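Enquirer: A single structure is presented below for examination.
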Amino acid sequence: MKTPLPLNKKSSTISRRKFLATAGGVTITITAYALSPRLNLGNKNPEKKAEASEITAWARIEPDGRMTIYNPAAEMGQGSMTALPVILAEELDADWSKVHIENSPIEPDVYGLDRWGGNKIMLTVGSWSVMGYFNSLRQAGAQARYVLLSSVAEHWNVPMSELTTEPGIVVHQKSGRRVSYGEITSFLKVPKSIPEIPEEQLKLPHQFRLIGSVIPRYDIPSKVDGSALFAMDVQIPDMLYGVIERGSVHGSSPTLQNEQAIRTMDGVVELVMLEYGVGIVATSLEKALNAKKRLKIQWSEDAKAQGHSSQEAFTLYQMMAEDIQQGEVLEEKGNFSQANSTAAKTYAANYKNDYVYHAQMEPLNAIASVAADGSSAEIWAGTQAAGSVADEVGKVLKFDPSKVTLHPHFLGGGLGRRSNHDSILEAVQLSKAVSKPVKLIWSREDDLRYGMYRPMSFQRLQASVDASGNLSGLSHCVVGDGGGLLTSGAKNEFYAIPNQHLELRAVENGIRLKHWRAVGHGPNKFAIESFMDEIAADQGVDPYEFRRKLMKDSPRALQTLEKAATMAKWNTPSDKGRARGIAFGERSGALCTGICEISLDREKGKIKVHHFWSAVDAGIIVQPDNVVAQMEGGIIMGISSVLEESITIEKGQVQQSNFNDYRLLRITDIPESIEIAMIPSEEPPQGIGEASLPVVAGAIANAFAALTGKRLRHLPFTPERVLEALNA
């Protein structure tokens with residue numbers, strides 16, 4: 001049976017319990033303070049060498065000096081598997097060349113994020129990982145170092161204050177004695193308790209040795225040589241294969257009309273009727289897919305989504321936005337109505353965005369093995385939400401979540417899609433029906449038609465300008481289905497606008513929706529930043545200078561604006577046939593300004609982004625190379641979604657089926673250059689994975705306006721929409 005090594009390599013492994021019970025090293029109890037308020041860092045007998053089987057741990061030291069550090073976050077290409085251990089290793093003063101990284105156990109009480117001050121969660125979304133674990137992992141590393149120092153102090157009979165550390169070594173300067181971390185395991189004594197290390201005793205940023213340095217990502221070699229194990233790679237003895245026909249109308253119910261014929265097909269083991277689809281379990285994937293093609297299903301016509309046509313819905317959305325009835329007010333600062341009524345000039349504009357699909361590289365899949373007596377289950381999957389898998393599976397199977405074992409794997413892309421457990425729960429239902437392991441695989445067509453999209457929305461913005469030309473008020477009305485998915489990024493914390501109003505007007509379309517990279521920041525920053533440029537242009541003010549004035553009370557945001565403008569040589573003219581556009585945004589605490597330079601094929605309506613410059617302030621940078629990669633990836637994904645990507649629905653039917661009609665940016669269309677600048681900072685780390693994407697749409701739209709004098713107000717900017725704008 002192929003099960004994952006902690007690094008998710010293609011090899012067999014023993015269980016964590018057996019590993020801890022039999023390995024010869026010492027596990028130091030590093031339960032991070034912010035994650036577990038009460039630190040249980042010792043044994044019942046402090047004189048006894050630590051028993052690995054008795055404690056939960058963040059770090060493990062072997063007699064030869066090798067160290068294992070546990071990673072609590074899902075690794076889906078964003079680099080958390082390296083960044084988080086780096087934070088702990090920094091304060092522990094570990095020798096990074098001897099560090100090995102493993103996935104942590106699925107124990108939210110120990111390894112979870114205390115994101116909302118309540119129950120801890122193991123959830124990798126929203127660019128939370130580095131900023132969420134930073135303080136607690138530093139504390140954990142410092143406490144591990146304390147354990148080592150206290151053991152050496154007792155062993156050498158010297159004051160602990162006389163000891164210092166170098167990478168992997170404890171040093172007593174007075175006597176010249178030195179001992180490696182590995183050697184300490186022979187006499188290590190874990191105290192009954194250990195104090196929280198005061199913040200002033202943690203390293204200062206200028207003392208960082210690993211944080212801020214270029215550290216090669218731990219997951220890359222295995223992904224390059226093919227040994228990395230994704231859930232799609234796993235094979236289980238006696239495993240069957242499952243597929244599901246879900247239809248193309250979200251929420252429709254199936255009536256299978258040729259059940260007996262399908263059951264007699266070669267390789268078909270079982271049919272499983274679901275509320276929204278028909279599952280097929282077969283001896284091979286090919287036989288399951290072949291049977292799927294032969295299904296004759298009558299779909300119900302009572303689903304909420306049945307009457308939904310996405311492009312026609314914008315007419316209703318606009319009527320709702322212009323209605324005098326107010327929706328749910330999310331932000332009220334000052335008095336916009338008063339500012340608008342006394343303004344020297346007012347502005348209004350409408351913006352739209354279509355549904356967008358995640359398009360994660362690895363298709364959804366999961367293996368479930370439900371015991372024949374229904375008393376336990378094992379899961380093999382790549383998931384962004386490992387901590388909640390057991391609870392959800394337990395609800396489906398109606399037994400204690402402690403009976404569910406999850407084997408987490410590398411994720412071939414997540415982008416929010418894999419924070420939902422639908423594929424895992426489906427695999428569980430199919431396995432339960434046959435009492436054997438079942439690997440469920442979603443085809444690309446399955447996921448594209450029955451996916452979970454970034455919501456479509458309609459946005460109406462209104463603004464007022466006073467007699468001095470100052471932006472005195474801004475109103476932002478968002479209309480759509482998706483609640484909080486629609487409104488993230490709609491607040492303007494970094495623009496000095498005294499009167500602001502933000503509201504949501506909600507509808508229900510019955511379409512499956514989900515967090516998508518940067519969530520609502522993409523559409524909202526597009527609308528806001530486009531609107532800022534429209535006002536600046538009408539006022540005869542350079543859009544860069546217009547934003548500088550708005551950022552007078554936000555020096556860190558202003559610094560990104562000024563740095564990006566310097567990088568792009570904003571005050572110099574573009575080459576003939578080209579123009580630049582600028583936009584600012586924030587996401588998960590990171591502040592970002594983006595500037596792009598574009599050209600336009602006026603006959604074909606095709607926009608080409610030639611260069612993109614971006615400056616970001618994300619606080620302390622843990623991994624510089626990874627920040628650059630994340631920023632570049634966000635920009636390219638942003639360009640793809642802005643110029644190409646659209647899910648359209650007609651009478652409930654999803655119109656796209658695969659990448660032939662859901663187009664992604666091709667490699668020939670990526671910018672000639674992308675330049676990233678990181679603003680030096682000693683502020684706490686902020687989220688970087690979604691920082692750059694929100695500024696892309698506004699920058700491209702504003703460059704288009706600078707080049708043509710026309711405005712693009714509907715994402716994506718397809719050639720048809722570009723030509724329509726040019727001819728308006």
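Enquirer: Against the condition touching a Ser or Thr at 6+ places or on another chain (Cβ under 9 Å), of a type outside the set (Gly, Ala, Ser) and more than 30 Å from Glu90 (Cβ to Cβ), how does Gln235 come out, does it pass?
Expert: Spelling it out, it is not the case that Gln235 is touching a Ser or Thr at 6+ places or on another chain (Cβ under 9 Å), of a type outside the set (Gly, Ala, Ser) and more than 30 Å from Glu90 (Cβ to Cβ).
Enquirer: Considering only residues of segment 625-657 that are farther than 27 Å from Gly126 by Cα and in contact (Cβ under 8 Å) with a residue 40 or more places away in the chain, which is most open to solvent (accessible area, probe 1.4 Å)?
Expert: Lys651
Enquirer: Further question: Might you check whether a residue that is surrounded by 15 or more Cβ atoms within 10 Å (Cβ to Cβ), touching a residue at least 40 places away in the same chain (Cβ under 8 Å) and closer than 22 Å to Ser104 by Cα occurs anywhere in segment 328-343?
Expert: Within segment 328-343, none of the residues are surrounded by 15 or more Cβ atoms within 10 Å (Cβ to Cβ), touching a residue at least 40 places away in the same chain (Cβ under 8 Å) and closer than 22 Å to Ser104 by Cα.
Enquirer: For segment 90-125, give me each residue that is of a type in the set (Lys, Arg) and open to solvent by 50 Å² or more (accessible area, probe 1.4 Å).
Expert: Lys98, Arg115
Enquirer: For Trp613, which of the numbered conditions (1) without any contact (Cβ under 8 Å) to a residue 60 or more places away in the chain; (2) part of a strand (DSSP E or B) fails to hold?
Expert: All conditions pass for Trp613, except number (1).
Enquirer: So, one more: Let me confirm something: among Met76, Met81, which residue is open to solvent by 30 Å² or more (accessible area, probe 1.4 Å), of a type in the set (A, V, I, L, M) and under 26 Å from Gly589 (Cβ atoms)?
Expert: Every option except Met76 fails the conditions.
Enquirer: Still on this model: Any idea which of (1) open to solvent by less than 20 Å² (accessible area, probe 1.4 Å); (2) touching a strand residue (DSSP E or B) at 6+ places or on another chain (Cβ under 9 Å); (3) part of a loop (DSSP other than H, G, I, E, B) is the one Ile194 doesn't satisfy?
Expert: Evaluating Ile194 over (1) open to solvent by less than 20 Å² (accessible area, probe 1.4 Å); (2) touching a strand residue (DSSP E or B) at 6+ places or on another chain (Cβ under 9 Å); (3) part of a loop (DSSP other than H, G, I, E, B) leaves (2) as the failure.
Enquirer: Under 8 Å between Cβ atoms, at least 6 apart or on separate chains: pull out the pairs that start in segment 152-174 with a residue that is under 25 Å from Leu210 (Cβ atoms) and end on any residue that is open to solvent by 60 Å² or more (accessible area, probe 1.4 Å) and in a strand (DSSP E or B).
Expert: These pairs meet every condition: Ile169/Arg178; Val170/Arg178; Val171/Arg177; Val171/Arg178; His172/Arg178.
Enquirer: Now for a different question. Output the number of residues of segment 349-361 satisfying the condition of being in contact with a Ser or Thr (Cβ under 9 Å, 6 or more places away or on another chain) and farther than 22 Å from Arg444 by Cβ.
Expert: Within segment 349-361, residues that are in contact with a Ser or Thr (Cβ under 9 Å, 6 or more places away or on another chain) and farther than 22 Å from Arg444 by Cβ number 4.
Enquirer: Quick check on segment 362-378: of everything there that is outside any loop (DSSP other than H, G, I, E, B) and farther than 11 Å from Leu440 by Cβ, which residue is most open to solvent (accessible area, probe 1.4 Å)?
Expert: Here the answer is Glu378.
Enquirer: Could you look through segment 158-184, keep only residues that are of a type outside the set (A, V, I, L, M) and part of a loop (DSSP other than H, G, I, E, B), and pick out the one that is most open to solvent (accessible area, probe 1.4 Å)?
Expert: Lys174
Enquirer: Scan segment 518-540 and tell me whether some residue there is on the phi < 0 side of the Ramachandran plot, assigned to a loop (DSSP other than H, G, I, E, B) and open to solvent by 10 Å² or more (accessible area, probe 1.4 Å).
Expert: Checked against the condition, which is being on the phi < 0 side of the Ramachandran plot, assigned to a loop (DSSP other than H, G, I, E, B) and open to solvent by 10 Å² or more (accessible area, probe 1.4 Å), segment 518-540 yields no hits at all.
Enquirer: A follow-up question, please. I'm told Arg580 meets every condition in (1) closer than 26 Å to Trp516 by Cβ; (2) buried (at least 24 other Cβ atoms within 10 Å of the Cβ) except one. Can you identify the failing condition by its number?
Expert: (1)
Enquirer: Next question, about the same structure. Kindly check whether there is at least one residue in segment 420-442 that is among the aromatic types (Phe, Trp, Tyr) and crowded, with 24+ Cβ neighbours inside 10 Å.
Expert: no
Enquirer: Starting from residues that are among the acidic types (Asp, Glu) and either outside any loop (DSSP other than H, G, I, E, B) or more than 29 Å from Glu200 (Cβ to Cβ) (or both), keep the ones in segment 64-109 and report whichever is nearest to the chain's Cα centre (by Cα).
Expert: Glu75
Let's see how each residue does on (1) part of a loop (DSSP other than H, G, I, E, B); (2) without any contact (Cβ under 8 Å) to a residue 24 or more places away in the chain; (3) within 25 Å of Trp128 (Cβ to Cβ):
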| site | (1), (2), (3) |
| --- | --- |
| Arg663 | yes, yes, no |
| Glu675 | no, no, no |
| Ala691 | yes, no, yes |
| Ile700 | no, no, no |
| Ala728 | yes, yes, no |
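Enquirer: Also, quick follow-up: Identify all residues within segment 340-361 that are outside any strand (DSSP E or B) and among the small types (Gly, Ala, Ser); write none if there are none.
Expert: Residues satisfying the conditions are Ser341, Ala343, Ala344, Ala359.
Enquirer: Could I ask something else about it? For segment 365-373, indicate whether the set of residues that are in contact (Cβ under 8 Å) with a residue 40 or more places away in the chain, touching a strand residue (DSSP E or B) at 6+ places or on another chain (Cβ under 8 Å) and not hydrophobic (A, V, I, L, M, F, W, C) is non-empty.
Expert: yes
Enquirer: In segment 216-246, what residues are farther than 30 Å from Leu84 by Cβ and either among the aliphatic types (A, V, I, L, M) or open to solvent by less than 10 Å² (accessible area, probe 1.4 Å) (or both)?
Expert: Residues satisfying the conditions are Met239, Leu240, Gly242, Val243, Ile244, Arg246.
Enquirer: Which of the residues that make up segment 319-338 are charged (D, E, K, R), part of a helix (DSSP H, G or I) and under 11 Å from His501 (Cβ atoms)?
Expert: Matches in segment 319-338: none.
Enquirer: Looking only at segment 277-286, count every residue that is farther than 10 Å from Leu240 by Cα and surrounded by fewer than 19 Cβ atoms within 10 Å (Cβ to Cβ) and tell me the total.
Expert: So the count comes out to 1.
Enquirer: Can you name the residue in segment 289-308 that is part of a loop (DSSP other than H, G, I, E, B) and closer than 23 Å to Arg512 by Cβ and, of all such residues, is most open to solvent (accessible area, probe 1.4 Å)?
Expert: Per the stated criteria, the residue is Glu301.
Enquirer: So, one more: Would you say Ser186 is among the polar types (S, T, N, Q) and at pLDDT 95 or above?
Expert: In short, no.
Enquirer: If you don't mind, another one. Would you pick out the residues in segment 282-317 that are polar (S, T, N, Q), more than 15 Å from Ser248 (Cβ to Cβ) and over 31 Å from the mean Cα position of the chain (by Cα)?
Expert: Once the filter is applied, which keeps residues that are polar (S, T, N, Q), more than 15 Å from Ser248 (Cβ to Cβ) and over 31 Å from the mean Cα position of the chain (by Cα), segment 282-317 yields Thr283, Ser284, Asn290, Thr315.
Enquirer: With the condition kept exactly as written, say whether any residue in segment 57-72 is open to solvent by 30 Å² or more (accessible area, probe 1.4 Å), modelled with pLDDT under 95 and of a type in the set (Val, Ile, Thr).
Expert: Among the residues of segment 57-72, not one is open to solvent by 30 Å² or more (accessible area, probe 1.4 Å), modelled with pLDDT under 95 and of a type in the set (Val, Ile, Thr), which makes the answer no.
Enquirer: While we're on this one: Select from segment 529-584 the residues that are β-branched (Val, Ile, Thr) and out of contact with any Ser or Thr (no Cβ under 9 Å at 6 or more places or on another chain) and write down the one among them that is nearest to Ala344 (Cα to Cα).
Expert: Ile535
Enquirer: Kindly check whether there is at least one residue in segment 264-273 that is assigned to a helix (DSSP H, G or I), surrounded by fewer than 18 Cβ atoms within 10 Å (Cβ to Cβ) and in contact (Cβ under 8 Å) with a residue 60 or more places away in the chain.
Expert: The answer is no; no qualifying residue exists.
Enquirer: Taking the stated definitions as given, is Ile497 more than 30 Å from Asp553 (Cα to Cα), among the aliphatic types (A, V, I, L, M) and more than 16 Å from the chain's Cα centre (by Cα)?
Expert: So Ile497 fails the test.
Enquirer: Additional query: Is it the case, given these coordinates, that Asp575 is over 19 Å from Glu493 (Cβ atoms), of a type in the set (Asp, Glu) and in contact (Cβ under 8 Å) with a residue 40 or more places away in the chain?
Expert: The answer is no for Asp575.
The values are calculated or read from the model by the stated rules, or taken from the named source; none is laboratory data. Bear in mind the structure is a predicted one, so any value in this text is a computation, not a measurement. Backbone-built Cβ (ideal geometry, glycine too); neighbour counts: all protein chains shown. These area figures cover heavy atoms from the full protein model, side chains too; ligands, DNA and RNA do not enter into them. Shrake-Rupley method; radii C 1.70, N 1.55, O 1.52, S 1.80 Å.
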